[in-house]
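Trainee: Please see the structure below; I have some questions.
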Amino acid sequence: MGLNITQKILKSHLVEGELIPGEKIAITIDQTLTQDATGTMAYLEFETLGIDRVRTKLSVSYVDHNTLQTDFMNADDHLYLQSVAEKYGIHYSRPGNGICHQVHLERFGVPGQTLLGSDSHTPTQGGLGMLAIGAGGLDVTMAMAGQPFNLNCPKVVNVVLTGKLQPWVSAKDIILEVLRKLTVKGGVGKVIEYTGPGVNSLSVTDRATITNMGAELGATTSVFPSDKKTQEFLKAQGREKSWVELKADPDATYQETLTINLDKLEPLVAQPHMPDNVTEVKKLKGTKVTQVAIGSCTNSSFRDLMVVSKMLKGKTIKEGLSLFISPGSKQVYQMISENGALTSLINAGARILESACGPCIGMGAAPNSAGVTVRTFNRNFKGRSGTADAGSYLVSPETAAAAALTGEISDPRQVAKKLKIAVPKIAMPKKFAVNDNMIIFPKSPAKSKGVEIIRGPNIAPLPSFPKLPTTLTGKVLLKTGDNITTDDIMPAGAKILPLRSNVPAISEYVFASVDKTFPKRAKETGGGFIIGGSNYGQGSSREHAAIAPKYLGVKAVIVKSFARIHMANLINFGILPLIFASEADYAKVDQGDELEINTSQLGGEMKLVNKTKGIEIPVSHSMGARDIDVMKAGGTLGYATQAAK
Ligand code: MIC
Ligand code: SF4
């Protein structure tokens, strides 16, 4: 039987299990990436393993999130990361070099290989035909140590693209349409594979916009074929040797199919506060906008910024709004600077930021109170922009530029007609500006040995956690509804992100935007339980959303369903992830109830005793045999040290 692309890559990397959807499997990992906000913790973990050098084909440590330096903390982290990279044979992409996913696409991604990254948008590399998966820092640490990555064998969804994108409609509109159809839970346990004649008309960076935001579907990853377009891209990056062809066999099968006719697609927008709250841009016409932000790992490629520059050339952005632009990489920045496109942006009134995540993670450029921000980003969760009551609308670069010109949410097709703007035709450059001077390449093992690790005062040692006790008791500290994000559990932003290397300090902000009293209450009662709805922990890969609650004494999280990466993070840090059998059972537990769970029988169904209500509630989990051993050992680090003995 023929194989699809996902099966081909999984098969060539499979070390355990069978390729049957839902089965536990393990695959080898060729490359890893970390970014600074998750990387410090991942390397603190790596240091505890006592290994001399990473055991991957390639590992890269990027600095792109914590670049606003309002005190010593972020700068100290950068030096820590650089020294760790030098010691352990890791490539180091210096601050200013760009956003991890954009730079990785340009300089390192390889079709057919596997990549594990401590960032949920790692699937961006699927645009190159790589099987690229986001994971918690500890999973990436173990991959750097040469361990296989454990996952549930995914179902594969075939998204067939037919037709051709119409003028002023672009790749972002495709993924917004997929989100509208499948929702933020629709991709859980699945890989989204793109096929069909429409693929051919999309460049590698267009494809990367789509695979990037596939993270918002909750998917394991998304992947495109590696074809002539991929070959041209790699050639223009001076990396043609990395190209291999990759396509699904003609008789490949899929568990689900979704067809999208590109001819019919219109400019779309995700409204506050969920990426799947999608409608047509024209329906929101006239909504006043106070900020436009263009950039992020979703839409900051050369093509995207060229489109914006062409639309703004010779014009001024509307009064009453600010336009922020962050180029995705130094390469993009250099190219728009050399060809004059940057000048048009500056002249139009754009506030140009460095090549980094910036406003996407609330690192500066927070909107005004109750502001409306139109962004080319991938997430619009409440408060993520840095302003609790602002509303974020996610759009394509075309729609963002139209908003910057008119001060309102406007359909770029109509704006172009009114302002007589020609359809921007941006050909992929024959040669990109390749200059790796901001990447520090690994030293020889002999030279690495002598490297001293630089540790600033905010870098706190990793707390250690005990083995799982046989009885877990305590109060329900918090009961939440559905779709709780990791931004809700462990917020980011300019104030909290610098504490990522300091677990005791960051734990003071757990659930800060949901219930400020959480940390205090948790500590007073000696920890307890969290009750959640469906898709609990969607969004980021940040393991701090597990470590910090663990530090506060959270023993188990009991929900209707989990998001993949967050559940893995809970297991990694020894928090029991349990699932209610029904909506009715979820209703039987209230905040403040006293609960008890016996953990001596971790196989299959378990009983949750609600002592306050005097009832027993059946709960289950989806941990495999290995996960159970990890859980018993109090988490992955405890498990790894036990296994090494
Ligand atoms: C995000 O977009 O939420 C982040 C910040 O990139 C996170 C990682 C983090 O929290 O450090 C992600 O997507 O995994
Ligand atoms: Fe950075 Fe935003 Fe991309 Fe996360 S989603 S990696 S914060 S640009």
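Values in this text are rule-based calculations from the coordinates and carry no lab data. Fair warning: this is a prediction, and the values are worked out from it, not measured in the lab. A quick note on method: Cβ atoms are made from the backbone with ideal geometry, for glycine too, and the neighbour counts reach across all protein chains shown.
Trainee: From the backbone phi of region 435-443, what are the Karplus-calculated ³J(HN,Hα) couplings (6.51 cos²θ - 1.76 cosθ + 1.60, θ = phi - 60°) in whole Hz, Gly and Pro given as x?
Mentor: So the Karplus estimates, Gly and Pro as x, are 8, 8, 5, 9, 10, 8, 7, x, 7 Hz.
Trainee: Add +1 for every Lys or Arg and -1 for every Asp or Glu among the other residues with Cβ under 10 Å from the Cβ of ARG239, and state the total. Before the final figure, lay out each step's value.
Mentor: Numbers: positive: ARG107, LYS235, LYS241; negative: GLU106, GLU240.
With Lys, Arg at +1 and Asp, Glu at -1, the neighbours total +1.
Trainee: Using helices alone, what [θ] at 222 nm do you get for the chain, with -39,500 (n - 2.57) per DSSP H run of 4 or more residues, divided over all residues and rounded to the nearest 500? Present the calculation step by step, with values, prior to reporting the outcome.
Mentor: Numbers: 23 runs with 194 residues, N = 645.
It comes out at -8500 deg cm²/dmol, rounded to the nearest 500.
Trainee: A follow-up question, please. Below 8 Å, C-alpha to C-alpha, sequence gap of six or more: please give me the relative contact order for region 457-524 in percent. Display every interim value, and only then the final one.
Mentor: Numbers: 48 pairs, mean separation 23.8, N = 68.
Relative contact order for region 457-524 comes out at 35 percent.
Trainee: Within the set of other residues whose C-beta is less than 15 Å from the C-beta of ILE628, count the net charge using Lys and Arg as +1 and Asp and Glu as -1. Numbers along the way, then the final one.
Mentor: On the way: positive: LYS24, LYS467, ARG626, LYS632; negative: GLU605, ASP627, ASP629.
Taking every other residue near ILE628 into account, the sum is +1.
Trainee: Something else now. Give the aspartates and glutamates whose C-alpha is closer than 18 Å to that of LYS313, dropping any in the same chain fewer than 8 places away, or say none.
Mentor: Once the sequence-local aspartates and glutamates are set aside, what remains near LYS313 is ASP304, GLU338, GLU398.
Trainee: Only helices at least 18 Å long along their own axis, judged from Cα atoms, and with Kyte-Doolittle mean hydropathy of -0.5 or greater: name those in the chain from DSSP H.
Mentor: 36-48, 72-88
Trainee: If you stretched the chain out fully between THR473 and ALA581, how much longer would it get, using 0.36 nm times the residue separation minus the C-alpha to C-alpha distance?
Mentor: Values: separation 108, 0.36 × 108 = 38.88 nm, distance 2.05 nm.
Working it through step by step, the gained length comes to 36.8 nm.
Trainee: Would you mind checking which residues have amide H under 5 Å from TYR393's amide H? H placed 1.01 Å from N; only 5 or more apart, or other chain.
Mentor: Here THR373, VAL374, ARG375 satisfy the definition.
Trainee: Roughly how many Å is it from the Cα centre of region 466-491 to that of region 77-151, as a whole number?
Mentor: Each part's Cα centre sits 29 Å from the other's.
Trainee: Sticking with this structure for a sec: What is the sum of charges around LYS418, taking Lys and Arg as +1, Asp and Glu as -1, for the other residues whose C-beta is under 13 Å from the C-beta of LYS418? Walk me through the intermediate numbers first.
Mentor: Values: positive: LYS285, LYS315, ARG413, LYS417, LYS420; negative: GLU408, ASP411.
Around LYS418, the surrounding residues sum to +3.
Trainee: OK, next. At a 10 angstrom cut-off on C-beta neighbours, averaged per residue, how do the peptides 403-414, 355-366 rank from highest to lowest? Could the numbers behind the result be given before it?
Mentor: Working: 403-414: 23.3, 355-366: 25.2.
Order by mean packing, descending: 355-366, 403-414.
Trainee: Separate question: Give the calculated FRET efficiency between ALA460 and ASN435 to the nearest 0.05, with a Förster radius of 25 Å applied to their Cβ-Cβ distance.
Mentor: On the way: r = 37 Å, r/R0 = 1.46.
FRET efficiency, ALA460 to ASN435: 0.10.
Trainee: Same structure, new question: Before anything else, pin down the relative contact order of the chain: Cα pairs under 8 Å, at least 6 apart, normalised by residue count, whole percent. Display every interim value, and only then the final one.
Mentor: Numbers: 1642 pairs, mean separation 92.3, N = 645.
RCO, the chain: 14 percent.
Trainee: Binning at 10 Å from 0, report for region 273-413 what percent of all alpha-carbon pair distances ends up in each bin.
Mentor: Values per bin, smallest distances first: 14, 48, 33, 5.
Trainee: LYS611 to ALA26: extension gain in nm, 0.36 nm per residue of separation minus the Cα-Cα distance?
Mentor: Details: separation 585, 0.36 × 585 = 210.60 nm, distance 3.96 nm.
Full extension of this stretch gives 206.6 nm more.
Trainee: A further question follows. When the Cα atoms of region 191-311 are enclosed in a convex hull and the volume is divided per residue, what value in Å³ results? Provide the component values of the computation, followed by the final result.
Mentor: Details: hull volume 18.5 nm³, N = 121.
Hull volume over Cα atoms, normalised by residue count, gives 152 Å³.
Trainee: Here's a follow-up. Quick one: what Rg and Dmax do you get for the chain from the alpha carbons, in Å?
Mentor: Cα only, the chain: 23.6, 72 Å (Rg, Dmax).
Trainee: Still on this structure, please answer the following. Taking 27 Å as the cut-off for C-alpha to C-alpha distance, list the pairs among LYS8/LYS87; LYS24/LYS87; LYS172/LYS418; LYS24/LYS229 that go past it.
Mentor: Numbers: LYS8/LYS87 35 Å; LYS24/LYS87 34 Å; LYS172/LYS418 23 Å; LYS24/LYS229 34 Å.
The answer is LYS8/LYS87; LYS24/LYS87; LYS24/LYS229.
Trainee: Also: Taking θ as phi - 60°, what are the ³J(HN,Hα) couplings along region 598-609 by the Karplus curve (6.51, -1.76, 1.60), each to the nearest whole Hz, with x for Gly and Pro?
Mentor: After applying 6.51 cos²θ - 1.76 cosθ + 1.60, I find 8, 9, 6, 10, 8, x, x, 6, 10, 10, 9, 9 Hz.
Trainee: For LYS11, give me every one of the aspartates and glutamates with a C-alpha distance below 19 angstrom, ignoring sequence neighbours fewer than eight places off in its own chain.
Mentor: GLU23, ASP30, GLU193, GLU245, ASP249, ASP251
Trainee: From largest to smallest, what semi-axes in whole angstrom does region 497-577 give when each is the square root of 5 times an eigenvalue of its alpha carbon gyration tensor? Could you put the intermediate results ahead of the total?
Mentor: Details: eigenvalues 66, 44, 28 Å².
Largest first, region 497-577 gives 18, 15, 12 Å.
Trainee: Also, I was wondering about something else. Could you sort 376-388, 131-143 so that the peptide with the highest average Cβ count within 10 Å comes first and the rest follow in order?
Mentor: Numbers: 376-388: 23.5, 131-143: 29.3.
Those peptides, ordered most packed to least, come out 131-143, 376-388.
Trainee: Mind listing the long-range amide H neighbours of LEU608? Cut-off is under 5 Å, sequence gap 5 or more, other chains count too, H placed in the peptide plane at 1.01 Å from N.
Mentor: ILE617, VAL619
Trainee: Now for a separate question. Going highest first, how would you order 280-293, 75-88 by mean Cβ packing within 10 Å? Working shown, then result.
Mentor: Details: 280-293: 18.9, 75-88: 21.4.
Peptide ranking by packing, descending: 75-88, 280-293.
Trainee: Please list 3J(HN,Hα) in residue order for region 125-130, calculated via the Karplus relation 6.51 cos²θ - 1.76 cosθ + 1.60 where θ = phi - 60°; whole Hz, with x for glycine and proline.
Mentor: 5, x, x, 9, x, 9
Trainee: Can you list the lysines whose alpha carbon sits under 22 Å from that of LYS555, skipping same-chain ones fewer than 8 residues off?
Mentor: Excluding near neighbours in sequence, the set is LYS467, LYS475, LYS479, LYS516, LYS520, LYS523, LYS588, LYS607, LYS611, LYS613, LYS632.
Trainee: Also, quick follow-up: List every residue whose amide H lies under 5 Å from the amide H of ASN66, counting only residues 5 or more places away in sequence or on a different chain, with H placed 1.01 Å from N in the peptide plane.
Mentor: HN-HN under 5 Å from ASN66: ASP36, ALA37.
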